[in-house]
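The values are calculated or read from the model by the stated rules, or taken from the named source; none is laboratory data. A quick note: this is a predicted structure, and the numbers were derived from the prediction, not measured. So basically every Cβ, Gly included, is an ideal-geometry build from the backbone, and we count neighbours across all protein chains shown. The area values use the complete protein model at the heavy-atom level, side chains included, leaving out ligands, DNA and RNA. Shrake-Rupley method; radii C 1.70, N 1.55, O 1.52, S 1.80 Å.
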Amino acid sequence: MKVMAQMSMVMNLDKCIGCHTCSVTCKQAWTNRTGVEYVWFNNVETRPGIGYPRGYEDQEKWKGGWERTKRGRLKLKAGGRFSKIAHIFSNPKLPEIQDYYEPWTYEYDMLLNSPASANIPVAKPKSLLTGDDMAIKWSANWDDNLGGSQETASADPILQHMSEHVAMEFEQTFMFYLPRICEHCLNPSCVASCPSGAMYKRVEDGIVLVDQDACRGWRMCVSGCPYKKVYFNHKTGKAEKCTLCYPRLEVGLPTVCSETCVGRLRYLGLVLYDADRVAAAASVENEHDLLEAQRDVFLDPHDPAVIAAARAEGIPEDWIDAAQRSPIHKLIQEYRVALPLHPEYRTMPMVWYIPPLSPVVDVVADSGADGEDVRNLFAAIDKLRIPMEYLAGLFTAGDVDPVARSLKRLAAMRSYMRDVNLSETRNEHIAEAVDMTGAKIEEMYRLLAIAKYDDRYVIPTAHVEQARELEEIACSLDYEGGPGMGGAGPFGSSSGQPVPVAVENFHVLKNRQTADRPSTPGRVNLLNWDGNGTPPTGMFPPKSSE
Amino acid sequence: MSPLDVLLWVAFPYAAFAVFVLGHIWRYRYDKFGWTTRSSQTYENRLLRWGSPMFHLGILFVLAGHVVGLLIPAEWLEAIGVDEHIYHIGATVLGSAAALLTIAGLIILIYRRRSIGPVFLATTRMDKTMYVFLGATILFGTVATVMYQVLGPGYEYRGTVSPWLRSLIFLQPEPELMAGVPLAFQLHVLCATALFALWPFTRLVHVFSAPVGYFFRPYIVYRSRDAGRSNRPTRRGWEPVATPQDAKKAAKARR
């Protein structure tokens, strides 16, 4: 047994209202730079929908992730080492920028500096790639709220497994939002695809990162990731991806997307797992067994044998403690309501989702029945074949049972707590129907519905003795060398040593605060704000008296 | 032997070689972040899909041909039964095929670079300079081959150019060998030498990133946070307490 700790996330889809605050704050913190204009480390998709980049889930086309060979071994779907090197001069499975969208800006000067004239000035959209006028035809969430999806949704790879008739019916009955970040997989196919060995999984917390100094721009990681969550910075020629806001996590702050989530639907915490058993679990024969296999890889942080093994691996005491209090462990292993996104890619993803119950409740309520009655809800879950199959296509490789079990627990919680609130009666039979106890249900209710900040985010800090290395603690003054402190190197903006995240953000913030006029009106950097104290300048308009 | 001969065939190659080696060391130490292929495939794939493999495979064949023709003495090849006639036919046929592939690929790539808007905008001044020298080198090499090897009776460069290059390698330069070489060959050599001097300052550095290590490493790479990989160098005087041995080890890991 080799115990490793993994920082992971669970998102409660029932609470997602699709406001895109996570996407916007993430973009402002990480990808508001040239070269990554089209990049959203965090994006929110409306499902059914074709996602971002378009149709990324169609692995027959993109060949991301792993597949199991006849002899029971795992191999990269796009081909192993020899195939990768043979195709190194032209990556055959690389999405083009049009598969994401062509980034653009508007000619704001036309509005700001237009002289008085008879016609209202227009800010034309300009391509950020060519500078030419362009017609905007697609973007990261073009089909938001099913907009235009009568034309595009049929291209949803999940729906394509279902019939055309089903697709139409689905749109009328069911819609939900799916926020996505990098999965920080236990068996990451992007890391395996990197010819340079520049991508790695951090030993301490399992965060998957790109070493910007070692990346040589072969782009195999972009193709290798089935979630298409590694992006190519077309300016620097290097891969970039969601960092799980490691500079924040290291000092105990939640990621920017979690911190700013309006619905408070994100949970962050540790999971202990057995690294020796990952490969075997990822190569089980039946895709439907992958969910259980991955759960089996996770270790019980209360088991004395696990604790001893964790100590032997050098995992600090406060990390073991954090693993025991982890909301992730509770949601995945104890309440078993969270499910992984596309386990059939065999990468062992570590951002899990609690499937949405609200559409089921809506159907029951719309029919005039009591939407909080446990029997009505159970019957609806059993009967609503279309949404169940769609959710199963996302979360369980098509196996409806685990989705139904998860939704029934959510339904039971809903009914049970309604009775508690209305009449102070604790109907144990509701809890028993889903193999739980009333006490457990109330615990789960506390975590899911009350969702206190400290319950949602259990983040052990990196250790003080390592603090010298941490990015976030860095003061901009003690960084020296490299051209990053001002201007670009001799080979253009992509050259020279990388600037520490904290320094980069310090300068960005300073520039914004001291500029006469904001270069990009209304932009605020939230990376350095921990939610306490004065909000960053520009977040709210100035008071009228000022 | 004129001073110009010494300048062109001794001083210039050695200077270019020194710039090549030192330039790469300097670039690697100073600009690892800029060390990339600078791929433009996300902008355009239809032309690249053909042009890039054609050019790269072609130029690899060309490289192999140059190794055989320049570095291996003619006598060695004769010893294993490859006489002048066989060599000449082999070199001309294979060389022309490789040149055709390379030039066709290069034409596609240059056309793409000029005509596709985003690709053209992503082209730096250094890229353009490099293209001039790379194109000129390939052009003069092809002209020399066509003029002397394909249409002409065949020029025996293994009696002049090859020994000259080896004389440079063994630090016994013999510039007089190059003095009488036909102009097309001379220009090819000079352009190539200049290209080598430019090399470390262009995107051509990606040649030295050929991912050979990929065949020998495990698929999943793990790396520790405190392996000293932080991109923040320790300030002088602020090194943590450590034995001299540990400090050396940490410095090594950081590199």
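Got at least one residue in the range A:404-419 being part of a helix (DSSP H, G or I), more than 32 Å from the chain's Cα centre (by Cα) and not hydroxyl-bearing (Ser, Thr, Tyr)?
Among the residues of the range A:404-419, at least one is part of a helix (DSSP H, G or I), more than 32 Å from the chain's Cα centre (by Cα) and not hydroxyl-bearing (Ser, Thr, Tyr), which makes the answer yes.
Restricting to the range A:410-439, give me the number of residues that are of a type in the set (D, E, K, R) and touching an Asp or Glu at 6+ places or on another chain (Cβ under 8 Å).
The total comes to 3.
Sort through A:Tyr335, A:Tyr353 and tell me the only one that's more than 20 Å from the chain's Cα centre (by Cα), within 16 Å of A:Leu407 (Cα to Cα) and either among the aromatic types (Phe, Trp, Tyr) or open to solvent by less than 10 Å² (accessible area, probe 1.4 Å) (or both).
Exactly one residue qualifies, and that residue is A:Tyr335.
Scan the range A:151-165 and report the pairs whose first residue is under 16 Å from A:Thr46 (Cα atoms) and whose second residue is at pLDDT below 75, with Cβ atoms within less than 8 Å and a gap of 6+ or a chain change.
Pairs found: A:Ala153/A:Ala167; A:Ala153/A:Glu171; A:Ser154/A:Glu164; A:Ser154/A:Ala167; A:Asp156/A:Ala167; A:Leu159/A:Val166; A:Leu159/A:Ala167; A:Leu159/A:Phe170.
Can you pull out the helices (runs of 4 or more DSSP H) entirely within the range B:1-70 that have at least 3 residues that are within 14 Å of chain A (Cβ to nearest Cβ) and closer than 30 Å to A:Glu96 by Cα?
B:48-66
Can you name the condition, by its number, that A:Asp435 falls short on among (1) in contact (Cβ under 8 Å) with a residue 60 or more places away in the chain; (2) in a loop (DSSP other than H, G, I, E, B)?
Going through the list (1) in contact (Cβ under 8 Å) with a residue 60 or more places away in the chain; (2) in a loop (DSSP other than H, G, I, E, B), A:Asp435 breaks only (1).
Is the range A:81-100 home to any residue that is open to solvent by less than 40 Å² (accessible area, probe 1.4 Å) and within 19 Å of the chain's Cα centre (by Cα)?
yes
In the set A:Ala412, A:Ala365, A:Ala369, A:Ala380, which member is small (Gly, Ala, Ser), crowded, with 22+ Cβ neighbours inside 10 Å and farther than 21 Å from A:Leu331 by Cα?
Going through A:Ala412, A:Ala365, A:Ala369, A:Ala380 in turn, the sole match is A:Ala380.
Within the range A:267-350, which helices (runs of 4 or more DSSP H) (wholly inside it) include 1 or more residues that are of a type in the set (Phe, Trp, Tyr)?
Once the helices (runs of 4 or more DSSP H) in the range A:267-350 are filtered for at least 1 residues that are of a type in the set (Phe, Trp, Tyr), what remains is A:317-324.
Please verify whether A:Ala279 is within 14 Å of another protein chain (Cβ to nearest Cβ), open to solvent by 10 Å² or more (accessible area, probe 1.4 Å) and farther than 30 Å from A:Leu128 by Cβ, treating the condition exactly as stated.
Taking the combined requirement at face value, the residue satisfies it.
Could you list all residues from the range A:264-277 that are within 26 Å of A:Thr461 (Cβ to Cβ) and of a type outside the set (Lys, Arg)?
If the condition is that a residue be within 26 Å of A:Thr461 (Cβ to Cβ) and of a type outside the set (Lys, Arg), then A:Leu265, A:Tyr267, A:Leu268, A:Gly269, A:Leu270, A:Val271, A:Leu272, A:Tyr273, A:Asp274, A:Ala275 are the ones that fit.
Considering every residue within the range B:88-101, establish whether at least one is modelled with pLDDT of 95 or more and within 14 Å of another protein chain (Cβ to nearest Cβ).
Scanning the range B:88-101, I find at least one residue that is modelled with pLDDT of 95 or more and within 14 Å of another protein chain (Cβ to nearest Cβ), so the answer is yes.
Residues that are in the same structural domain as B:Arg29 (by TED's automatic domain parsing), hydroxyl-bearing (Ser, Thr, Tyr), over 30 Å from B:Lys32 (Cβ atoms) and in contact with a Pro (Cβ under 9 Å, 6 or more places away or on another chain): does the range B:191-198 have at least one?
no
Among the candidates B:Ala98, B:Ala91, which residue alone is among the aliphatic types (A, V, I, L, M), touching a helix residue (DSSP H, G or I) at 6+ places or on another chain (Cβ under 8 Å) and either open to solvent by less than 30 Å² (accessible area, probe 1.4 Å) or not in a helix (DSSP H, G or I) (or both)?
Among B:Ala98, B:Ala91, only B:Ala98 is among the aliphatic types (A, V, I, L, M), touching a helix residue (DSSP H, G or I) at 6+ places or on another chain (Cβ under 8 Å) and either open to solvent by less than 30 Å² (accessible area, probe 1.4 Å) or not in a helix (DSSP H, G or I) (or both).
Could you please find all residues in the range B:46-86 being in contact (Cβ under 8 Å) with a residue 60 or more places away in the chain and open to solvent by 50 Å² or more (accessible area, probe 1.4 Å)?
B:Leu71, B:Glu84
Return a yes/no flag: does the range A:2-14 have any residue that is assigned to a loop (DSSP other than H, G, I, E, B) and surrounded by 21 or more Cβ atoms within 10 Å (Cβ to Cβ).
no
Could you list, in sequence order, the residues of the range A:292-332 that are open to solvent by 10 Å² or more (accessible area, probe 1.4 Å) and touching a strand residue (DSSP E or B) at 6+ places or on another chain (Cβ under 7 Å)?
Residues satisfying the conditions are A:Phe298, A:Leu299, A:Ala309, A:Glu313, A:Ile315, A:Trp319, A:His329.
Which of the residues belonging to the range B:198-239 are at pLDDT below 75 and surrounded by 11 or more Cβ atoms within 10 Å (Cβ to Cβ)?
Correct list: B:Asp226, B:Ala227, B:Gly228, B:Arg229, B:Ser230, B:Asn231, B:Arg232, B:Pro233, B:Thr234, B:Arg235, B:Glu239.
Condition check ((1) over 17 Å from B:Ser209 (Cβ atoms); (2) more than 22 Å from the chain's Cα centre (by Cα)) across all residues:
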| site | (1), (2) |
| --- | --- |
| B:Thr42 | yes, yes |
| B:Asn45 | yes, yes |
| B:Gly51 | yes, no |
| B:His56 | no, no |
| B:Leu60 | no, no |
| B:Gly69 | yes, no |
| B:Ile72 | yes, no |
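I need every pair where a residue in the range A:80-96 that is facing another protein chain (nearest Cβ under 7 Å) has its Cβ under 9 Å from the Cβ of a residue that is open to solvent by 50 Å² or more (accessible area, probe 1.4 Å) and of a type in the set (Asp, Glu), sequence separation at least 6 or different chains.
Pairs found: none.
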